[in-house]
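Written below as structure tokens is the structure these notes are about.
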Amino acid sequence: MGISKLQRMIDDLCLCEEVKVEKTNLIIDGAALYYCLYYNSYPKLDQRCGGDYPGFKDDVCKFFEALQDCEVTPYVILDGASGSEKQKILHSRLKRRLEDAKTIAETGSDGVQKTCNILPPLVKDVFIEILKEKDIKFKQCLGEADPEVVSAANQKQCAVLSHDTDFCIYDVNKGFLPSFNNFEWKSKEDGKIPAKLYKRSKFCEHFKLDPALMPLFASIAGNDYSRLEDNGTFANESSSSREYSIKRLDGMLSFLSKVNLDGLNDSQKRERALSEALSHVGKEENQTFKLSIQKYVQLEKPSSELPSWVSKKVESGELTTFVISVVDQKTMMLTPVVEDFSQRSSYTAAYPIRQYFYGLLIGGQMCTEYDREGEEIKDNRVPSILLSSDKQKQLQLERLHKAPEGLRHRVFEEALQVQTLDLENIPGHLKLPVCVTVFWFKRLQHHPKPETVHCLHALLLGFVCDRDGPENDVGFINNWKMFVLKPGLIESNHNYPTREGADLISRNLAKFILS
């Protein structure tokens, strides 16, 4: 998420100008928005018992209503899957989220420090549903959203709204609105939203830095891809009186501003400055920095092995982005959730269903899952399951959307261990709940484990929920998603929160086969 402490430095130096946002297009970093709205809500939204999706929807709707009142036209761009080059940082984040989830499970979200947050598992999916409902233009990328955010902003000649300081590095023509705290949409007045606008040109002018070196600065300062370990060299050379991290950034900028770049093009400038920076701290040339620099220079869309029909469904928000990492990297990172850490991971309960899903995505290949074992992240090789059918060619991912309806139903029913005849007299809107109920009763008979018992408790609560109540639009339909993938979430403190959700493997399984 950008360069650590860079935003603090910019704020301390007052490098942003105060503006009033009105009558304009606006490119919004979708992930930054839904994280910010959920974590900064008042009163605080639930993080401990599965999530407060109606409360979240209310905040999202109010945000976009404020934009509409000020004639601001939003275009929301969401992240897809991260590339293999970010595996190290992703593992680190996974570990940190696991620690946060455990802390919240043991103390409650109200009893921990503000920096300890865990996003409930259905927030992104509910966010996308709201965008569709409100007819707000959006796109879900196949890879990192940053390149498409910058391209869209420059094409529409408008600013970017995010809290990712990577956008301080990119050349965004109309600037960057950093930090949602400075985008005061709740304080709009006379059809205008008070905000602070950052422009790269002003930053470079202040530090007397050639703009061509901004990607290099990010790469050695430390981003998601690289960091130059300088053992305090740059901080010691800084004249800043601020904390160490900011002194380090200041020292780097001061050093880069003094590199002789006469007669060089932008690429040559970066090569010379990188060579001198590495030499200055006694390091050798490293390809990692050059690859990191290219992320800011070449705004390329990532390549993917996904068939075009799957890509289109991902981009339109009909399928979640985990399918990308499964197909391209054969990996699945199971995001830590708030649960009883003395029990097995809640993801264990739906292990066999994920095996069917992997079978549809990658055939008979293995998928590596990253899940917790106790309080540690472990990787597990998971064999995929193929339908016991002689029609495997029709179930290959490239042609799955053209498979006969009867074959699609057969895959879905085999995964949930039900028969077509069992569903003949069941009303359409109850077929999925019945399938899920049958699945968990059979699991209880063969695997009488705590997570299965708690799942059935939650199923009963789901049946007695008021389906036509005020929370129906984002609540009831999600009850069934959790029972297929993450029923063990219900174990946390035995509160059995019926609004908890899964990461939509069940729904995506149904969409792949039945739509």
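Considering only C-alpha atoms, what is the centroid distance from region 59-91 to region 202-258, in Å? Computed from Cα coordinates, the inter-centre distance equals 28 Å. Think of it as helices only: each DSSP H run of n ≥ 4 in the chain is worth -39500 (n - 2.57), and spread over all residues that comes to -13500 deg cm²/dmol at 222 nm. Ligands, DNA and RNA are left out, and with a 1.4 angstrom probe the accessible area of the chain is 45 Å² per residue. Approximating the spin labels as points 7 Å out from Cα along Cα→Cβ, the Leu13-to-Asp190 distance works out to 3.2 nm. In the chain, the longest principal axis of the Cα atoms and the axis of helix 123-133 are about 90 degrees apart. Exceedance of the 31 Å cut-off in Cα-Cα distance is limited, within the set Lys301/Lys402; Lys134/Lys301; Lys247/Lys295; Lys124/Lys156; Lys86/Lys431, to Lys86/Lys431. Net length available on complete extension from Leu291 to Lys156 is 45.8 nm, with 0.36 nm assigned per residue and the Cα-Cα distance removed. Its Cα centre serving as origin, the chain has a Cβ charge dipole (Lys and Arg +1, Asp and Glu -1) of approximately 700 debye. Extension gain, Gln365 to Trp309: 0.36 nm times the residue separation minus the Cα-Cα distance gives 18.0 nm.
Counting other C-beta atoms within 10 Å, and keeping those with at most 13, which DSSP coil GluC sites (Glu not before Pro) do you find in region 247-334? Counting only loop positions with at most 13 other Cβ atoms within 10 Å, the GluC sites (Glu not before Pro) in region 247-334 are Glu284, Glu285, Glu300, Glu305.
Under 12 Å from the 7 Å Cα→Cβ point of Asn236, by amide nitrogen: which residues of region 255-291? The answer is 281-282. Please find the FRET efficiency linking His447 to Lys283, where r is the Cβ-Cβ separation and R0 is fixed at 35 Å, and quote it to the nearest 0.05. For R0 = 35 Å, the calculated efficiency reads 0.05.
I'd like the carbon and sulfur percentage of the solvent accessible area for region 159-280, probe radius 1.4 Å, heavy atoms only, ligands and nucleic acids excluded. Here carbon and sulfur together make up 38 percent of the probe-accessible area.
Taking trypsin sites (Lys or Arg not before Pro) across region 194-279, the ones in a DSSP loop with at most 14 further Cβ atoms lying within 10 angstrom of their Cβ are Lys208, Lys258. Using a Förster distance of 30 Å, how high is the FRET efficiency between Asn40 and Tyr244, based on the Cβ-Cβ distance and rounded to 0.05? For Asn40 and Tyr244, the calculated efficiency is 0.60. Helix 287-297 and the longest principal axis of the Cα set of the chain meet at an angle near 90°.
The values are calculated or read from the model by the stated rules, or taken from the named source; none is laboratory data. Computed from a prediction, not measured in an experiment: that's the story for all the values here. Please note: Cβ atoms are built from the backbone with ideal geometry, for glycine as well, and neighbour counts cover all protein chains shown. We work out accessible area using only protein heavy atoms, side chains counted, and drop any ligands, DNA or RNA first. Shrake-Rupley method; radii C 1.70, N 1.55, O 1.52, S 1.80 Å.
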